Amino acid sequence: DESSSAHAIQAKWQKYWADDETFLAGGAADSRPRKYVLAMFPYPSGDLHMGHAENYLYSDIVARFWRHRGHNVLNPIGWDSFGLPAENAAIRRGADPREWTYQNIAQQKEGFKAYGVSFDWTRELHTSDPEYYQWNQWLFLKLHERGLAYRKKSPVNWCPNDQTVLANEQVVDGRCERCGAEVIKKKLTQWYFKITDYADRLLDDLNQLEGSWPHKVLQMQRNWIGRSIGADVDFAIEGREEPVTVFSTRPDTLHGATFFVVAPDAELASELVADAPADVRERFAEYLAKVQKTTDIDRQATDRPKTGVFLERYAINPVNGEKLPIWAADYVLADYGHGAVMAVPAHDQRDLDFARAFDLPVKVVVDTTAPITGAMPVIEVDEEGVPIDTLPSLDDHHPSVTGIALGGDGRMINSGDLNGLSKRNAVARAIEQLTANGTGRAAKNYRLRDWLISRQRFWGTPIPMLHAEDGRIIPVAEDQLPVKLPSVEGLDLSPKGASPLGAAESWVRTVDPASGDPVLRDPDTMDTFVDSSWYFLRFLSPNSDQFAFDPKEAARWAPVDSYIGGVEHAILHLLYARFITKVLFDIGLIDFTEPFSSLINQGMVILDGAKMSKSKGNLVLFQEELDKFGADALRVGLAFAGPVEDDKDWADVSMTGAQKFLARALRLSHDVASPVDVLFKGGDAALRRGTHRLLADAPSLVEHTKFNVLVARLMELVNLTRKTIDSGAGAADPAVREATETIAVMLDLIAPHTAEEMWEILGHEPSVGLVAWRQADPALLVEDSVTAVVQIGGKVRAQLEVPARISEADLEALARADERVIRALGDKEIVRVIVRAPKIVSFAVKG
Ligand code: ANZ
């Protein structure tokens, strides 16, 4: 039956590809143009699943396509094999995380081979091999040399369940991305990568990816980096020597500041309250304790009632000397800007909510009812800056009445010599004045934080640093790498809040070879996002023990031409890879600044409209589908299921339909009776036109990732070929061979085993995977033409020769441009036009 013959064909060609090494990338002597096609490498979490089936199908289609287009293609595969799931599985089963990991890798590898993915297997890598992770350590040392790896004590996101630190990116809605436990703050000394030094470049370079990356991903990266432009303003504090700086995006509103707020958990708050009366101190301490249990997400929620404590201290507004009461309130965050704000309740909603809750004054300084462009009334103001002819609408809109802050643009009022300016001009002028007075300066602020990379876990890359007894921190010399993980034997991996490596006595205690001093190894391991931040470069020299990657190979292959993977990596992985790429560029090891020239995000495979998951019990299993229907049918089913970026509902996929299509295609090759070396010139004209139309359209379909359309077009051509055979032209017609060969060569993208089989049956040598796509014959692309008539007032006035597939709009335009029609219309008024493409254009006229 269909399935068993599919399996036989599959096994035959998989063996051939492995023996022949058909899909190895060409070496330095290969003069073909190069394409680097990469799918995000998998985490070896178990069997391959349908998400993998989709991801690696798409990358395989792209890789195979470029081979057919005469390119030297690199399509490698490896495993992102460090990380928590392996460690947790090991803890559960009292086993070595290595065992679990490498077993899963072996299984997934079998899966990929059975699926017919055209990887270059000679470049396989695993990030948990010392041969790989020593280069993570090398990278760490490079960053350290440049001041980009540093240690600091700071409040970190702590998962009480996994007992480990999490990067901001790994906290989702206040919870651990992995286990869902509520994340708390804990103060720890940790290693950081200084990604904030690259914030501007990471943001600005996104512009060059516009059109090549999904717009949504670019936008997510922009928001994550979150650059705000404004000013730092210094406020003197009564009874304190040093001024306190605040960041504001609206220095134009300085005259509207009516109070001052510090984050309760910032050191400044505790300092300011230290000399306050006992009752204030008590209230503050109570408040602080509460705040420390609140997540940043909750603190930023706009619909929360505002809370705070007056510290009985005052800040002095640098522009007018006004005394502003200082409050501690949790809507101000300790680690954004400077952890303090000038509050302008008239123009900032959070400040307004707070002012209304605690009865603080609200002073309008931007008249948002005054137009700012075009002919505008000049607002007359008195010496105080109060409008003389007060606009009644402004009173109606007063924020203390409406509860709605006036965030919009308008004309400055109540603001000294800023009065009358628009917001933008006032911002610029305010910054000029602050700068001149030495009380402020232009400033930028970012949401992006430095990348916390220390993890208190076993199954990761050891951080290559030594700690001397006197507190000195000594980098491990490059020639001492790798710092290999110790054996897991005797170690308790269960989460304790400190790295299990710290208990590996004989590993932790070592000697600094330079000084001979006894030292301790850093017990922490690196975030696994370090591993995946540069792996695409390792594929270029996967076996080198000289370099992380050979710069000459990087110059040949990189950046990656097509990167394919899930949108779940829109922020973390892509941002880190972009950062490390820029660092390596700065070091001079590569000559490009963006790692992935184009990015394709695939949708999810779902079932009955729902995400598949083990817990819901609605999993479609990759291995089962593969066993039942064979690799090619699975690939056709997925490719045909819908546009790449859409979610695909497996309930709508007809696997038997896919099988039947493949069987029909295969049967064509059996039926073809024309000689192998037929010159493709003659034969059934309609079939030839169909074949050449597909030859003409297919490249752009693939380049625009319209794989489902390509499958549909192949199905059409298979049907047309069969019809041609049946309708009398017969299997010996050379057009039938031409169509069938074209089908085989193009089908290779989607169903490579069937394609190889067809190619062989048609009398050719393998591999069809390396056969060039033929050029379409332009003479066969000329469309059929038909005669269209143009009627005016019911009388035929002209006949036009037009393409059979002309659009209604084009047909009408042709008719209106025709000399005879123009003459017959004269100056009659056209009341109605009826167009029936390609046959009729009819003008109803008056006069
Ligand atoms: C005065 C002002 C007036 C502000 C106004 C806004 C509107 P983005 O755009 O997110 O960068 N801010 C500064 N530091 C803060 C902190 N640590 N916690 C909470 N809020 C903080 O926001 C910048 C604005 O957020 C700053 O500009 C400041 O309020 C506030 F009509 O200053 B603004």
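Hey, could you check the stretch 305-327 for residues that are more than 13 Å from the ligand (Cβ to nearest atom), more than 42 Å from the chain's Cα centre (by Cα) and part of a loop (DSSP other than H, G, I, E, B) and say which is nearest to LEU418 (Cα to Cα)? Filtering the stretch 305-327 for residues that are more than 13 Å from the ligand (Cβ to nearest atom), more than 42 Å from the chain's Cα centre (by Cα) and part of a loop (DSSP other than H, G, I, E, B), the one nearest to LEU418 (Cα to Cα) comes out as ASN320. Among helices (runs of 4 or more DSSP H) entirely within the stretch 685-762, having at least 2 residues that are closer than 20 Å to ALA633 by Cα singles out 707-724, 734-747, 752-761. Pairs under 7 Å by beta carbon, first residue closer than 18 Å to ALA631 by Cβ in the stretch 54-80, partner in a helix (DSSP H, G or I) and among the basic types (Lys, Arg), six or more apart or different chains? What qualifies is LEU57/ARG635.
Checked against (1) exposed (fewer than 13 other Cβ atoms within 10 Å of the Cβ); (2) touching a residue at least 12 places away in the same chain (Cβ under 8 Å), SER4 passes all but condition (2). Of the residues making up the stretch 407-421, just one is touching an Asp or Glu at 6+ places or on another chain (Cβ under 8 Å) and surrounded by fewer than 18 Cβ atoms within 10 Å (Cβ to Cβ), namely GLY407. Set side by side, the residues ALA739, ALA751 differ, and just one is farther than 26 Å from TYR56 by Cα and at pLDDT 95 or above, which is ALA739. Number of residues in the stretch 485-513 that are surrounded by 13 or more Cβ atoms within 10 Å (Cβ to Cβ) and in contact with a Leu (Cβ under 9 Å, 6 or more places away or on another chain) equals 12. Kindly indicate which of ARG69, ARG93, ARG34 is surrounded by fewer than 19 Cβ atoms within 10 Å (Cβ to Cβ) and over 29 Å from TRP534 (Cβ atoms). From the options ARG69, ARG93, ARG34, the qualifying one is ARG93.
In contact with a Phe, Trp or Tyr (Cβ under 9 Å, 6 or more places away or on another chain), within 12 Å of the ligand (Cβ to nearest atom) and within 19 Å of VAL280 (Cα to Cα): is that true of ASP330 in this structure? Yes. Residues satisfying the criterion are present in the stretch 760-776 (criterion: crowded, with 19+ Cβ neighbours inside 10 Å, without any contact (Cβ under 8 Å) to a residue 24 or more places away in the chain, more than 39 Å from the chain's Cα centre (by Cα) and under 30 Å from PHE661 (Cα atoms)).
In the set THR435, THR439, which member is within 16 Å of the ligand (Cβ to nearest atom) and more than 34 Å from the chain's Cα centre (by Cα)? If you could, list the steps in order and put the result at the bottom.
Details: THR435 fails: within 16 Å of the ligand (Cβ to nearest atom).
Just a single option satisfies the conditions, and that option is THR439.
Pull up the stretch 488-516, narrow it to residues that are of a type in the set (Gly, Ala, Ser) and touching a residue at least 60 places away in the same chain (Cβ under 8 Å), then point me to the one that is nearest to HIS144 (Cα to Cα).
Per the criteria, the residue is GLY497.
For the residues LEU418, LEU466, the requirement of being within 16 Å of the ligand (Cβ to nearest atom) and either modelled with pLDDT under 90 or in contact with a strand residue (DSSP E or B) (Cβ under 6 Å, 6 or more places away or on another chain) (or both) singles out LEU418. If you go through the stretch 352-374 and keep only what is of a type in the set (Phe, Trp, Tyr) and either under 21 Å from ALA430 (Cα atoms) or within 12 Å of the ligand (Cβ to nearest atom) (or both), you end up with just PHE354. The combined condition, being touching a residue at least 40 places away in the same chain (Cβ under 8 Å) and either closer than 29 Å to VAL530 by Cβ or surrounded by fewer than 23 Cβ atoms within 10 Å (Cβ to Cβ) (or both), is fulfilled by GLY83.
Among the residues of the stretch 711-725, are any surrounded by fewer than 23 Cβ atoms within 10 Å (Cβ to Cβ), closer than 22 Å to HIS68 by Cα, among the charged types (D, E, K, R) and out of contact with any strand residue (DSSP E or B) (no Cβ under 8 Å at 6 or more places or on another chain)? Within the stretch 711-725 (the criterion being surrounded by fewer than 23 Cβ atoms within 10 Å (Cβ to Cβ), closer than 22 Å to HIS68 by Cα, among the charged types (D, E, K, R) and out of contact with any strand residue (DSSP E or B) (no Cβ under 8 Å at 6 or more places or on another chain)), the answer is yes, since at least one residue qualifies.
If we scan the stretch 282-295, do we find a residue that is assigned to a loop (DSSP other than H, G, I, E, B), within 14 Å of the ligand (Cβ to nearest atom) and in contact with a strand residue (DSSP E or B) (Cβ under 9 Å, 6 or more places away or on another chain)? No.
The listed residues are LEU694, LEU710, LEU666, and the only one of them that is among the hydrophobic types (A, V, I, L, M, F, W, C) and within 15 Å of GLN775 (Cα to Cα) turns out to be LEU694.
On the given criteria, is ALA817 among the aliphatic types (A, V, I, L, M) and touching a Ser or Thr at 6+ places or on another chain (Cβ under 9 Å)? No; evaluated as a whole, the condition is false for this residue.
Quick grid of which residues meet (1) buried (at least 20 other Cβ atoms within 10 Å of the Cβ); (2) out of contact with any His (no Cβ under 9 Å at 6 or more places or on another chain):
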position	(1), (2)
PHE193	yes, yes
ASP197	no, yes
ARG201	no, yes
MET220	no, yes
GLY226	no, yes
GLU242	no, yes
PHE247	yes, no
ARG250	yes, no
LEU254	yes, yes
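For the stretch 333-351, the candidate set comprises residues that are near the ligand (Cβ under 6 Å from one of its atoms) and either of a type in the set (A, V, I, L, M) or part of a helix (DSSP H, G or I) (or both); within that set, the residue that is surrounded by the fewest Cβ atoms within 10 Å (Cβ to Cβ) is LEU333.
The values are calculated or read from the model by the stated rules, or taken from the named source; none is laboratory data. These numbers were taken from a predicted model, which means no experiment stands behind them. Cβ sites come from the backbone with ideal geometry, for glycine too, and all protein chains shown count toward neighbours.
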